[in-house]
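Take a look at the structure set out below.
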Amino acid sequence: MEKETERKRDICELSYDELSEVVTGELSEKRFRAAQIYEWLHKKKAKDFSEMSNLSKELREKISEDFVITVMEPVEVLRSERDGTRKYIMRLHDNNVIESVFMRYKHGNSVCISSQVGCRMGCSFCASTIDGLVRNLSAAEMLWQIYAIERDTGERVSNVVVMGSGEPLDNYDELVRFIRMISDERGLNISQRNLTVSTCGLVNRIRDLADEGLQITLALSLHAPDQATRERLMPVARAYEIQDVLGACEYYYERTKRRLTFEYAVVKGVNDNREEAVKLARLIKGLCCHVNLIPVNPVKERSYESPDKRDVYEFQATLEHYGINATVRREMGRDIDGACGQLRRRYIEDAGICAD
């Protein structure tokens, strides 16, 4: 039975046009059936074909012969007593686990999702990359992180950040498919302007993304004002000169007119002093951007420490003095393994699961 399931295609992976072709071609049904099925999958978030009550039993059986529905169930949910944030461990069909985060803001509910199981970028302050990359997630697995959270909370998600485990642009094709499907008016219809994709700075892929005709926000994990410090924090930076990365970001802005976000993880004694702030301001001066300062969340496997709050706010003030818009990220869910990858690693250790 397991082998039979593995041969079946994931119907949640199909775009509306692809599903229409399957319905009218392989299934020999009228095109309107595709709209019904798509609504069940991506609006009603059906977990089984048997739920599709406006389809005949014969059609449901015919679909199930060749397709499965990706269903992702939380195996652990942590709820913050401080701010209501929820962190989820989701189990995949192959028993790998990933983590997702639900956050409530005044402007709406936001979900941070993973794009890969693990990560191969090697950022030295991040728990996600400690065990390396296991595999990419499919677009359906990215979608179902949101669907599972909406089912659990009973609340609509209005903002999505692809900033959990993994480098989204290292899983480029599935990422773009996910973006187009999550913003499809026949599905959850989340505005592309409410979607943010975070990247370590894969130059060619940033340029590719700029040419996709999307209206998402690009968030670059910059984390340093110079090449040497960036390489120390992010080994992937050895492959891309900082000026080339910023050049790609400028190209993204020129093509999309979407303001850039620069993520800057503030690490005590590494990149947190006024000199670094001045260098950063000069580096990005003239770009249409916003800097998001993130006090680093300590990871037990790493030696980096959180900066003093005073230093973070002085860093922010220095940037603003030079005309750079900057905010300090509000710490959400810090009391429930807040750093990327922390919860997943703890779950794997407690369950005795081999990460690779």
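Here is a yes/no grid of residues against (1) part of a strand (DSSP E or B); (2) in contact (Cβ under 8 Å) with a residue 60 or more places away in the chain:
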site: Thr196; (1), (2): yes, yes
site: Leu209; (1), (2): no, no
site: Gly213; (1), (2): no, no
site: Leu220; (1), (2): yes, no
site: Ala224; (1), (2): no, no
site: Arg230; (1), (2): no, no
site: Val236; (1), (2): no, yes
site: Gln243; (1), (2): no, no
site: Cys249; (1), (2): no, no
Query raised in the report: Considering segment 16-44 alone, what residues qualify as being among the aromatic types (Phe, Trp, Tyr) and either outside any helix (DSSP H, G or I) or over 16 Å from Glu61 (Cα atoms) (or both)?
Result: Tyr16, Phe32, Tyr38
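When you go through Leu175, Leu169 one by one, which is the residue that is in contact with a strand residue (DSSP E or B) (Cβ under 6 Å, 6 or more places away or on another chain), part of a helix (DSSP H, G or I) and either closer than 26 Å to Met90 by Cα or assigned by TED's automatic domain parsing to the domain that holds His107 (or both)?
Leu169
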Query - Qualifying positions in segment 107-159 - β-branched (Val, Ile, Thr), outside any loop (DSSP other than H, G, I, E, B) and under 29 Å from Glu18 (Cβ atoms) - result: Val111, Ile113, Val117, Val134, Ile146, Ile149
**Report entry** Members of segment 8-26 found to be crowded, with 18+ Cβ neighbours inside 10 Å and either among the hydrophobic types (A, V, I, L, M, F, W, C) or touching a strand residue (DSSP E or B) at 6+ places or on another chain (Cβ under 9 Å) (or both), listed by number
**Finding:** Ile11, Cys12, Leu14, Leu19, Val22, Val23
Query - Selection from segment 232-257 of residues that are surrounded by fewer than 18 Cβ atoms within 10 Å (Cβ to Cβ) and either in contact with a helix residue (DSSP H, G or I) (Cβ under 9 Å, 6 or more places away or on another chain) or polar (S, T, N, Q) (or both) - result: Arg238, Ala239, Glu241, Gln243, Asp244, Gly247, Tyr251, Tyr253, Glu254, Arg255
Query raised in the report: within 19 Å of Asn136 (Cβ to Cβ) and either at pLDDT 95 or above or outside the structural domain of Lys268 (by TED's automatic domain parsing) (or both), is that true of Glu185?
Result: no
**Report entry** Met52 under 29 Å from Tyr172 (Cβ atoms) and out of contact with any His (no Cβ under 8 Å at 6 or more places or on another chain)
**Finding:** no
Query - Members of segment 237-272 that are more than 14 Å from Gly201 (Cα to Cα), among the hydrophobic types (A, V, I, L, M, F, W, C) and under 22 Å from the mean Cα position of the chain (by Cα) - result: Ala265, Val266
Report summary line: Of the residues in segment 213-236, those that are hydroxyl-bearing (Ser, Thr, Tyr) and under 23 Å from the mean Cα position of the chain (by Cα) number 2
Query raised in the report: Considering only segment 156-175, how many residues are surrounded by fewer than 24 Cβ atoms within 10 Å (Cβ to Cβ), more than 24 Å from Gly132 (Cβ to Cβ) and of a type in the set (A, V, I, L, M)?
Result: 1
Query raised in the report: Can you pull out the residues in segment 5-15 that are in a helix (DSSP H, G or I) and either farther than 15 Å from Glu65 by Cα or touching a Leu at 6+ places or on another chain (Cβ under 7 Å) (or both)?
Result: Ile11, Cys12, Glu13
Query - Residues satisfying the stated conditions in segment 153-165, i.e. closer than 17 Å to Ile98 by Cα and at pLDDT 95 or above - result: Val160, Val161, Val162
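The values are calculated or read from the model by the stated rules, or taken from the named source; none is laboratory data. What you see is a predicted model; the values in this text were computed from it and never measured. As a convention, Cβ positions derive from the backbone with ideal geometry for all residues, glycine included, and neighbour counts pool all protein chains shown.
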